[in-house]
Amino acid sequence: MAELRRSVCPFDCPDACGMLVEVEAGRAVGVRGDPDHPYNRGTLCPKMAHYERSVHSDLRLTTPLRRVGPKGEGAFEPVSWEETLDEIAARWRDILGQWGGEAILPYSYAGTMGLVQRNAGHPFFHRLGASRLDRTICTPAKGAGLAAVLGSTPAPDPEAVLGADLVVLWGLHALATNLHGFQRVREARRRGAKVWAVETYRTATTDHADHVILVRPGTDGVLAAGVMHLLLEAGDLDRIFLDRHVLGFEAFAREVLPQYPPAVVAAKTGVDEATLRAFAAAYGRAENPQIQLGGGITRYGNGAMTTRLILCLPALVGAYLKPAGGAFLGTSTAGVFPMAKLLREDFQPGPTRLVNMNRLGEALDPAMDPPVKALYVYHSNPAAVTPDQGAVRAGLLREDLFTVVHERFLTDTARYADLVLPATSSLEHPDLYRAYGHYGVQKVAAALPPQGEARSNWRTFQALAERMGLEEPFFRQSEDDLIEALLVDPSPWLTDPERAALAEGRPARLSPPALPPPFGTPSGKVEILNAREPEPLPRPLPSHAEGDPEPLALVTAPSLYSLNSTFQEREDLPARQVAATIRLSAGDAAARGISSGDEVTAFNGRGEVRLTAEVTERVPEGVAVVEGVAWSAFSKGRATVNALTSQRLTDRGGGSTFYDHRIDVRRS
Ligand SMILES: Nc1nc2c(c(=O)[nH]1)N[C@H]1C(S)=C(S)[C@@H](COP(=O)(O)OP(=O)(O)OC[C@H]3O[C@@H](n4cnc5c(=O)[nH]c(N)nc54)[C@H](O)[C@@H]3O)O[C@H]1N2
Ligand SMILES: Nc1nc2c(c(=O)[nH]1)N[C@H]1C(S)=C(S)[C@@H](COP(=O)(O)OP(=O)(O)OC[C@H]3O[C@@H](n4cnc5c(=O)[nH]c(N)nc54)[C@H](O)[C@@H]3O)O[C@H]1N2
Ligand SMILES: [Mo]
């Protein structure tokens, strides 16, 4: 008889679904959605429906490995943990002695979202005085744009959309990236709401929208300004809200909006005037509109500014104080747990160099002072997911770089390692999870023993701390001690019954504190005008790619069947085929003599990637789409999609610009 254990999906997704794991003789034989979980209510996405196949995959690493062939080739032999830890400690001691702490660089992101395992390396690397990593690969530009307009205003409840009469999915492939949020949008639609999607191509999400607006990549700021121009012209404004709760509308209306009449906007965005007018009219007349803003628009050189412009829309119609809350960009619950207890900034001997993770290629340049001599990668796959892959892999090939990778699988990055350490899956270690798409939190115990000799992130750092002679008692705590330390102070976000649920490992719900005055900005108002920004008034900026010479905009979007490079281990999902495909419009394909199924090369000044073409009417002319991030092992050539992306950053926040590139394509 299988026993049921509660768990949470550990992956980097807003949903943080509750799961029940069926365990038999130390193995997971199945998983299903936890019916008692208030957000996902018993359902899981297609990726997680058979998570046990990832956990017990034949490709799992079960022992430490030492490289026996050239870097990148994947030839390894098994070694013991003891030998491996000794070797790491000896190499690091040498490097520390000769080059100092900054010659060591940790690289991690979001292989697991559990608070303890995700942050397990911070105290250790702080203590060594290592270089620090600025973890900006995802959507810091969205955060910066949001902060500029709304400050720390709490997000609406994810259920608020149920009352909306108009929903705009703006740069959000919710069916893939926020499935359970999307269930609420579909419920709102059943109750009569009209759904508009603003996208660069037709996705499985846009198939569920009433209206689809296809915009030229990177021009959404112009689109938003054009809509506001029309709202102003039609007088579809909430004057009372603007007077009481908004800073800078008059200046914005006088200085910025007049420059964006429909003809200008249509020419720039590719959205025809009739569609633009219909969108503005529908938005202006809605009683209770909600914009759901995805990461799509923010991975551009103008990402923060575009976010600011879109967030001005609800201010013009007074939607922020209506029941649907005007805009939803995920929940922000960073203050809930006392993370300083875990991160231990105080262990740092002094300030050290900060390396932007999008510029790993540059950081691994041997000319850096001091050069990075040791790289320690955990729960991330930079050889695949990090932009400017050519530069990243050139760095990883350096013979004088000592690379250790802690992983569940022999990923592209692990192939370049000198030593590989086997990692537990989320079913094999405890943790505390906090969602970013809803207000759920949950404490999770291990459901299974570690597979093979796998160790969790925390246990690995504990062993490394011991080998490096770090004497702080902090490093001798167990994972459960760390979880309890986060839970000991009663958070004002938790009511007593929810605290009890959390302590027992049941799903618990946070209650965001109410903030008077309504907006968490210094002025207490929605700040269209923000004098603390380099551009006090929002006005559309060009994207980086506007200056690129190639003809096609490359959108490297999320896939339904993978999560960045995770799930490539799964043969039963179409993740590998999807990531090996480039979608082109009929016109662009014909102009290049390309048909569906042809082997093609996508290229620009940075790299070349071999892919299979799919010609489709779902992609407009001038756009090329690659969904998901492949592993080289399942690709035609070694280079994958990020060989085409660059180390250019967003306007604010130091973010990645994954969608802001141009390419050309030829038959291989
Ligand atoms: N299935 C699946 N789920 C995921 C992920 C995944 O890879 N796969 N990734 C996870 C991660 S790490 C994150 S950060 C989150 C969010 O993941 P994100 O990558 O932020 O995805 P979305 O927010 O859905 O937004 C992406 C959508 O924006 C569109 N887009 C691109 N450029 C533009 C533009 O210029 N204008 C407009 N209007 N649209 C544009 C793309 O076509 C795409 O459909 O999802 C998480 N969940
Ligand atoms: N072209 C393109 N590139 C992108 C994006 C895009 O849209 N387009 N999206 C970007 C975004 S939004 C993000 S957030 C980044 C994500 O970048 P990453 O966080 O690097 O994401 P993954 O590809 O999911 O790789 C995570 C790795 O962690 C491993 N792992 C899982 N659990 C554990 C654990 O407990 N311990 C250890 N040691 N390892 C574990 C998994 O096996 C997996 O290989 O990718 C970015 N890259
Ligand atoms: Mo992300």
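The values are calculated or read from the model by the stated rules, or taken from the named source; none is laboratory data. The model shown is predicted, which means the values in this text are computed figures rather than measured ones. So basically every Cβ, Gly included, is an ideal-geometry build from the backbone, and we count neighbours across all protein chains shown. These area figures cover heavy atoms from the full protein model, side chains too; ligands, DNA and RNA do not enter into them. Shrake-Rupley method; radii C 1.70, N 1.55, O 1.52, S 1.80 Å.
Filtering the range 144-165 to residues that are among the aliphatic types (A, V, I, L, M) and crowded, with 22+ Cβ neighbours inside 10 Å leaves ALA144, LEU146, ALA147, ALA148, VAL149, LEU150, VAL161, ALA164.
Residues in the range 91-112 that are closer than 18 Å to VAL405 by Cα and open to solvent by less than 50 Å² (accessible area, probe 1.4 Å): TRP92, ILE95, ALA103, ILE104, LEU105, PRO106, TYR107, SER108, TYR109, ALA110, GLY111, THR112. Identify, from the list ALA225, ALA188, the residue that is within 16 Å of ligand 1 (Cβ to nearest atom) and either open to solvent by less than 10 Å² (accessible area, probe 1.4 Å) or assigned to a loop (DSSP other than H, G, I, E, B) (or both). Step by step, each of ALA225, ALA188 is checked, and only ALA225 is within 16 Å of ligand 1 (Cβ to nearest atom) and either open to solvent by less than 10 Å² (accessible area, probe 1.4 Å) or assigned to a loop (DSSP other than H, G, I, E, B) (or both).
Scanning the range 285-293 turns up one or more residues that are part of a loop (DSSP other than H, G, I, E, B), out of contact with any Phe, Trp or Tyr (no Cβ under 7 Å at 6 or more places or on another chain), surrounded by 21 or more Cβ atoms within 10 Å (Cβ to Cβ) and not acidic (Asp, Glu). A search for C-beta distances below 7 Å between a residue of the range 297-311 that is more than 15 Å from PHE658 (Cα to Cα) and any residue that is within 13 Å of ligand 2 (Cβ to nearest atom) and not in a helix (DSSP H, G or I), counting only pairs 6+ apart in sequence or on different chains, returns THR306/TYR300.
Looking only at the range 113-135, count every residue that is within 13 Å of ligand 2 (Cβ to nearest atom), open to solvent by 50 Å² or more (accessible area, probe 1.4 Å) and more than 17 Å from the chain's Cα centre (by Cα) and tell me the total.
From the range 113-135, those within 13 Å of ligand 2 (Cβ to nearest atom) are 113-121, 133, 135; that's our starting set.
Okay, now just the ones that are also open to solvent by 50 Å² or more (accessible area, probe 1.4 Å), so 118, 135.
Pick out the ones that are also more than 17 Å from the chain's Cα centre (by Cα) and you get none.
Selection size over the range 113-135: 0.
State the number of residues belonging to the range 366-382 that are among the small types (Gly, Ala, Ser) and in contact (Cβ under 8 Å) with a residue 60 or more places away in the chain.
2
Taking the criterion of being farther than 25 Å from PRO154 by Cα, surrounded by 12 or more Cβ atoms within 10 Å (Cβ to Cβ) and basic (Lys, Arg), would at least one residue in the range 471-489 satisfy it? The answer is yes, given that some residue of the range 471-489 is farther than 25 Å from PRO154 by Cα, surrounded by 12 or more Cβ atoms within 10 Å (Cβ to Cβ) and basic (Lys, Arg). Looking across the range 481-531, the residues that are free of Cβ contacts under 8 Å to residues at least 24 places away in the same chain and of a type in the set (D, E, K, R) come down to ASP481, GLU484, ASP496, GLU498, ARG499, GLU504. Only one of the listed residues (ARG5, ARG60, ARG27) is in contact (Cβ under 8 Å) with a residue 12 or more places away in the chain, surrounded by fewer than 17 Cβ atoms within 10 Å (Cβ to Cβ) and not hydroxyl-bearing (Ser, Thr, Tyr). That residue is ARG27.
Screening LEU529, LEU573 for residues that are part of a loop (DSSP other than H, G, I, E, B), at pLDDT 95 or above and more than 28 Å from the chain's Cα centre (by Cα) leaves exactly one candidate, LEU529.
Yes or no: ARG667 closer than 24 Å to ALA591 by Cβ and at pLDDT 95 or above? So ARG667 passes the test. Here SER595 meets each of (1) away from ligand 1 (no atom under 12 Å from the Cβ); (2) touching a residue at least 60 places away in the same chain (Cβ under 8 Å) with one exception, condition (2).
When ALA197, ALA204 are checked against the criterion of being touching a helix residue (DSSP H, G or I) at 6+ places or on another chain (Cβ under 7 Å), outside the structural domain of PRO351 (by TED's automatic domain parsing) and in a loop (DSSP other than H, G, I, E, B), ALA204 stands alone in meeting it.
If you go through the range 362-388 and pick out every residue that is more than 13 Å from ILE137 (Cβ to Cβ), within 14 Å of ligand 2 (Cβ to nearest atom) and not hydrophobic (A, V, I, L, M, F, W, C), you end up with 2. Say we look at the range 619-668 and pick out the residues that are away from ligand 2 (no atom under 12 Å from the Cβ) and at positive phi; which of these is surrounded by the most Cβ atoms within 10 Å (Cβ to Cβ)? Across the range 619-668, the extreme among qualifying residues is GLY653. On the given criteria, is VAL600 buried (at least 16 other Cβ atoms within 10 Å of the Cβ) and outside any loop (DSSP other than H, G, I, E, B)? Considered against the rule, which asks whether it is buried (at least 16 other Cβ atoms within 10 Å of the Cβ) and outside any loop (DSSP other than H, G, I, E, B), VAL600 comes out as yes.
Keeping to the range 610-628, report how many residues are charged (D, E, K, R) and not in a strand (DSSP E or B). Before you say what the answer is, go through the steps one by one.
From the range 610-628, those charged (D, E, K, R) are 610, 614, 617-618, 621, 627; that's our starting set.
Adding the requirement that they be not in a strand (DSSP E or B) leaves 617-618, 621, 627.
The qualifying residues number 4.
Of the listed requirements (1) crowded, with 18+ Cβ neighbours inside 10 Å; (2) over 30 Å from LEU316 (Cα atoms), PRO551 misses just one: (1). Against the numbered list (1) open to solvent by 10 Å² or more (accessible area, probe 1.4 Å); (2) free of Cβ contacts under 8 Å to residues at least 40 places away in the same chain; (3) among the hydrophobic types (A, V, I, L, M, F, W, C); (4) over 20 Å from ALA465 (Cβ atoms), CYS45 comes up short only at (2).
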